[in-house]
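Data first, discussion second: the structure below is written as structure tokens.
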Amino acid sequence: MSSYSVQPLNLTGQAVEPGAAQPAAQTRPGRRVLVSSVSSDSHTWNLVFLQLLLEEMGHEVTNIGSCVPDELLIEECRRVRPDLVVISSVNGHGALDGTRAVRRLREQPDLRDLPVVIGGKLGVQGADAGSYGPELLAAGFDAVFEDAAGIAEFRRYVDRPARPELLTSGAR
């Protein structure tokens with residue numbers, strides 16, 4: 001029987017030495033974050049990455065998976081009562097499906113003020129289509145993280161102690 005040792009990595013790709021001091025704990029309590037895809041997106045790796053990233057940042061994450069219908073997203077928001085909803089898209093239908101989903105959320109009086117962000121590949125034409133940020137903000141999202149922007153701006157957004165102003169990233 002063979003035994004293999006795998007050196008753990010943090011989400012920045014750096015090796016974590018056994019017995020090494022762990023990063024200092026956050027000074028503020030973590031948030032309850034609900035992670036979801038749009039209704040037409042069957043990808044899961046992006047959701048797992050977001051879950052692990054947010055957990056490493058000290059947040060409690062409920063990942064409701066891929067191909068989430070708008071009604072299920074609404075039900076889970078009511079059940080979990082998250083402090084933040086993160087919607088991810090890989091298939092390029094984020095702008096279309098996300099617009100519909102956030103409008104449905106904003107129609108619910110009890111969910112109207114819930115912070116909701118979206119990110120990933122938001123259109124099928126990629127960078128050639130321009131920015132979807134203004135359209136998605138107008139539909140009701142609090143922030144938009146387009147795929148070309150990377151993860152750093154998202155991390156900064158989530159790390160802010162209070163609900164930040166509306167913003168968009170990756171504007172072209």
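The values are calculated or read from the model by the stated rules, or taken from the named source; none is laboratory data. Computed from a predicted model, the values in this text were never measured in an experiment. Here the Cβ positions follow ideal geometry from the backbone for every residue, glycine too, while neighbour counts run over all protein chains shown. Surface accessibility is based on the protein's heavy atoms, side chains included, excluding ligands, DNA and RNA. Shrake-Rupley method; radii C 1.70, N 1.55, O 1.52, S 1.80 Å.
Summary of values
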quantity	calculated
Pair list, Cβ under 7 Å, 6 or more apart: region 86-109 residue open to solvent by less than 10 Å² (accessible area, probe 1.4 Å), other residue of a type in the set (Lys, Arg)	SER89/LYS121; GLY92/LYS121; GLY94/LYS121
Test: ILE64 is without any contact (Cβ under 8 Å) to a residue 40 or more places away in the chain, among the hydrophobic types (A, V, I, L, M, F, W, C) and open to solvent by 30 Å² or more (accessible area, probe 1.4 Å)	yes
GLY150 being under 15 Å from the mean Cα position of the chain (by Cα) and at positive phi	yes
Tabulated pairs, region 145-172, first surrounded by 15 or more Cβ atoms within 10 Å (Cβ to Cβ) and modelled with pLDDT of 90 or more, second polar (S, T, N, Q) and assigned to a strand (DSSP E or B), C-beta under 7 angstrom, 6+ apart or interchain	PHE145/SER169; GLU153/SER169
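Per-residue answers, yes or no, for (1) buried (at least 16 other Cβ atoms within 10 Å of the Cβ); (2) over 13 Å from LEU105 (Cβ atoms):
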| residue | (1), (2) |
| --- | --- |
| LEU34 | yes, no |
| LEU47 | yes, yes |
| GLY58 | yes, yes |
| GLU71 | no, no |
